[in-house]
Amino acid sequence: MEPESAVEFVRQGVTLLLLDVPQYTLIGIDTQMFSVGPAFKGIKMVPPGPHFVYYSSSSRDGKEFSPVIGYFIDGGLSEVIVRKWDQQEERLVKVSEEEEERFSHAVKSLEFDRHLGPYNLTQYGEWKCLSNYLTKNVIERIEPIGGEITVASESGVVKNGPKTSIEKALDEQLKTGKFLSSSSVVKSRKRCYYTSVPHVIKQKGMRGEELTSLNLDKTELLESILVKDYASSEDILIGELQFSYIAFLMGQSLEAFFQWKSLVSLLLGCSEAPFRTRTKLFTKFIKVIYYQLKYGLQNNRAESNGAGVGVDESWFSADSFLHRLCKDFFSLVQDVQMVDGDLLTWTRKLKELLESSLGWKFQKNSEVDGIYFEDDDEYAPVIEMLDDTSCSEA
């Protein structure tokens, strides 16, 4: 980057001033992670908008790490966000308004510039594909009191939540990782305010076959939740799906994994909504989960210096909830007479990703790939294969 352009990025971008962070601490922002050196004082050139900051304090030899603590920010143009390391609590804390104003002036005068690591702008597109529905409103409605997300405050979730072999494997990985016992774990720290998604629909006075039908097709439940909890906003629902995935993958939150699973199960459990009432929502959803899994299943995600969980392939074995739901959804798309072209395109891309990355097979009586339309079918949609590198709205 030309020096003049770099200075302009520094001045207009968000700056995270992170003071007194101990050496070897792992600090991440979005899809990037840094190991703190002796001169580190923060990150510059962060594009304005929503981001996820997370960190894990280290032992003196840099081999053991405390549970990850993470929080979302929504930085404005040229904003300076200041945090300072609290040695007693072993975590980053906010500074006073007077200190923040003083430090902000120093940052804008470039006094800290040589101590700030640059945000890797080449990875920003990848982050946007994981967060393009995250807004300040979505973050504020879900984040816990104080904003900090950590698995260390989720003992009740760990104890009562895991049921399947996949979830038990995740629980075990979190518990047996090389984590330090840290005083930064505050027992009273609150959990996230996720939307409640019932697993089984029950209604008084309804006959057994009607209840069975409701639970087989979750369209009515989806409509009810959209109206009651999201003020009919599809984008807020998708925003919560992205919030929970990021908090799970980068922040190691088991609670977030359960919420992500609940939302995925709700949406993939709908038979009517994708083709009749909520086609645009489902196109957005399939596109979002495609990029989530594409990122999470990359080979190097499991190698995160001991701090991040990553997405281990064993969590997505052929007996997992995701395999079952995707298999049913792909079959449903094949069987329906008319399918929106964009929805079909992204469904096929998701199917191909799961087959190539995990070796899953979704076989149904078809000549090509399980989602197939005869050439002479008058209802067959025109399919345009979209570029993987763009996750913006069509």
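Each reported figure results from applying straightforward, stated rules to the coordinates on display, with no laboratory input. Just so it is clear, the structure is predicted and the values come from calculations on it, not from any experiment. Every residue, glycine among them, receives a Cβ derived from its backbone with ideal geometry; neighbour counts consider all protein chains shown.
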GluC sites (Glu not before Pro), restricted to segment 63-111: which are DSSP loop and have at most 14 other Cβ atoms within 10 Å?
89, 111
Interatomic Cα distance distribution for segment 71-144, bins of 10 angstrom, percent
14, 36, 39, 10
Around residue 231, what is the net charge, scoring Lys/Arg as +1 and Asp/Glu as -1 over all other residues with Cβ under 14 Å from its Cβ?
-3
Could you sort out which of 136/280; 63/108; 284/349; 228/349; 84/294; 84/128 sit more than 25 Å apart by Cα distance in this structure?
63/108; 228/349; 84/294; 84/128
Potential extension, residue 123-residue 340 segment - 0.36 nm per residue separation minus Cα distance
75.0 nm
Per DSSP, loop trypsin sites (Lys or Arg not before Pro) in segment 240-295 with at most 16 further Cβ within 10 Å
276
Can you tell me what share of the DSSP beta bridges in segment 1-160 is antiparallel? A percent to the nearest 5 is fine.
75 percent
Could you sort the peptides 23-32, 134-143 by per-residue average Cβ neighbour count (10 Å cutoff), highest mean leading?
23-32, 134-143
Given a Förster distance of 51 Å, the FRET efficiency implied by the Cβ-Cβ spacing of residue 39 and residue 231, rounded to the nearest 0.05, works out to 0.60
Points 7 angstrom from Cα along the Cβ direction at residue 191 and residue 325: gap in nanometres?
1.8 nm
